[in-house]
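**Q** The structure's right below; bear with me while I get my questions together.
The values are calculated or read from the model by the stated rules, or taken from the named source; none is laboratory data. Just so you know, these numbers come straight off a predicted model, no measurement behind them. We place every Cβ from the backbone using ideal geometry, glycine too, and count neighbours over all the protein chains shown. Heavy atoms of the whole protein, side chains included, go into the accessibility calculation; ligands, DNA and RNA do not. Shrake-Rupley method; radii C 1.70, N 1.55, O 1.52, S 1.80 Å.
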Amino acid sequence: MSDNTMRIIDLRGKRLTRAEMLAAMPRAEMGTKEATDLVRPILDDVKERGAAALRDFEEKFDHVRPEHLRVPVEAMKQALDELDPEVRAAIEESVRRSRAVSASQVPQDFHTDLAPGARVAERWIPIQRVGLYVPGGKAVYPSSVIMNVVPAQTAGVESLAIATPPSKATADGLPDKTILATCAILGVDEVYAVGGAQAIAMFAYGARGSEPQDGEVLCEPVDKITGPGNIFVATAKSMVSGIVGIDAVAGPTEIAIIADAGANPSWVAADLIGQAEHDELAGSVLITDSEDLAKQVQASLDQRVPRTEHAERVATSLTGRQSGIILTDNLDQSIDAANAYAAEHLEIQTADADAVVPRIKNAGAIFRGPYSPVPLGDYMSGSNHVLPTSGTARFASGLGVHTFMKPVEVIEYDEEGLKTLAARINTFAVSEDLPAHGECVLSRFIKDPYDKATIKQQEEQAGLR
């Protein structure tokens, strides 16, 4: 057996209940309790000591003690000036496509007229201040800057702040220069050299300054936090949820590929490796009704994994419990398995992909056909790569313009519109033992809503019945 052999989950000949199908799916084990115990004191300390705590935690976890927790605007301009022209062109094309898709996502206000003088309208209002987290760790993600900032700007968010870990590779202890250059391209000037759970605490509680360059207030609290991160970031977001809004509690990244006998095994293997490169806990899942394809994909993995740069990380991911090859009886069962797995990224490499797409109910994003691999969505398709993980695509969606807006209903009834409903509202309120609700409506039309003995008579005299 090769060191890169993926485990087999054989569903052939089985008729599983929904619960059994969900249980059969490969998932990573998450040490959430341990993470909670570690994160809680970080949140408390940042809330109490502000910037002083942030510097201590950066030194402890990222091995950098930033002089400037808030990145000087000049540093971002310099990073943009020094950016490789080809990288800049790629970033700008990604931004262009993302803006085009985001513009189409903006929800429209509407109103419904129910009767003369009776209207309910709905307004979409941008969230006022948002904190966007951009991870560091094993890689740098200027793409995540784009995926968070563009829809927020399109939504009309007034105040955007970005937090991203400082880089040991920079002499000044500032974040990665490509990330800073991307912020400059997007026109974001509030950027913090803060990573991990401490960044989430800073966004949730705000942070007062501790050194002259911080000012009295380093960072004001935000209304919502978005963006992916490791288990400590995800746990911190979960713990501050309710104090602020969050987009989701993200787990490790994942891909599922529905493929049939006609799929190209080398391309399937390359796509599995591409996702496994992210993290040792990343999930790579092949769902196929072709045992021959499964064997060919495994053979291709044996050839490809040793030749990719992060071979050890990839091999750990592919052979982990969160990855595997799911063998099915037919395409119908493959689709059932895909809907149970509810992948963050779902590729469809089948003979008739168009027939499969409408049958997918649960996926963060669907990549249709062999020429729509996941990295296209990671960087430049125009879609968003911040997507639901760990099976949450069964009830959640990816980040988009809607993430940064909230629908608010506006109720517009005039005297006549309310008058036609007043007696019925009172009847409803009394049935719920909330008579003051009815009294508040009746007060607008009758003299004494508290005289229960004459209520009906008063209603009739007022023309409410």
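**Q** Taking the condition of being touching a Gly at 6+ places or on another chain (Cβ under 8 Å) and either outside any loop (DSSP other than H, G, I, E, B) or of a type in the set (Asp, Glu) (or both), how many residues in the range 6-34 meet it?
**A** Qualifying residue count, the range 6-34: 3.
**Q** Would you kindly identify the helices (runs of 4 or more DSSP H) lying entirely within the range 372-452 that contain at least 1 residues that are buried (at least 20 other Cβ atoms within 10 Å of the Cβ) and modelled with pLDDT of 95 or more?
**A** 374-379, 422-431, 435-442
**Q** If you take the residues of the range 115-138 that are surrounded by fewer than 17 Cβ atoms within 10 Å (Cβ to Cβ) and of a type in the set (Val, Ile, Thr), which of them is nearest to Leu418 (Cα to Cα)?
**A** Filtering the range 115-138 for residues that are surrounded by fewer than 17 Cβ atoms within 10 Å (Cβ to Cβ) and of a type in the set (Val, Ile, Thr), the one nearest to Leu418 (Cα to Cα) comes out as Val120.
**Q** Name the residue, out of Asp37, Asp56, Asp44, Asp3, that is assigned to a helix (DSSP H, G or I), at pLDDT below 95, of a type outside the set (A, V, I, L, M, F, W, C) and more than 23 Å from the chain's Cα centre (by Cα).
**A** Of the residues listed, the single one that is assigned to a helix (DSSP H, G or I), at pLDDT below 95, of a type outside the set (A, V, I, L, M, F, W, C) and more than 23 Å from the chain's Cα centre (by Cα) is Asp37.
**Q** Scan the range 216-242 for residues that are modelled with pLDDT of 95 or more and in a loop (DSSP other than H, G, I, E, B) and jot them down.
**A** Glu216, Glu220, Pro221, Val222, Asp223
**Q** Separate question: Restricting the search to the range 190-249, which residues are within 22 Å of Glu158 (Cα to Cα) and small (Gly, Ala, Ser)?
**A** Ala193, Ala199, Ala201, Ala204, Gly206, Ala207, Gly215, Gly227, Ser241, Gly242, Gly245, Ala248
**Q** Which ones in the range 275-303 are open to solvent by less than 30 Å² (accessible area, probe 1.4 Å) and within 31 Å of the chain's Cα centre (by Cα)?
**A** Those that are open to solvent by less than 30 Å² (accessible area, probe 1.4 Å) and within 31 Å of the chain's Cα centre (by Cα): Gln275, Ala276, Ala282, Gly283, Ser284, Val285, Leu286, Ile287, Thr288, Val297, Leu301.
**Q** When you look at Ile246, is it at pLDDT below 95 and over 30 Å from Gln349 (Cβ atoms), yes or no?
**A** Taking the combined requirement at face value, the residue does not satisfy it.
**Q** Further question: Give me the pairs, please: first residue somewhere in the range 78-95 and farther than 24 Å from Ser383 by Cα, second residue anywhere and surrounded by 13 or more Cβ atoms within 10 Å (Cβ to Cβ), beta-carbon distance under 6 Å, and either six or more positions apart or on two chains.
**A** Partner pairs satisfying both residue conditions: Ala79/Lys177; Ala79/Leu180; Ala79/Ala181; Leu80/Ala181; Leu80/Ala184; Leu83/Ala181.
**Q** So which helices (runs of 4 or more DSSP H) stay within the range 106-209 end to end and still have 1 or more residues that are closer than 16 Å to Asp247 by Cα and at pLDDT 95 or above?
**A** 142-155, 196-205
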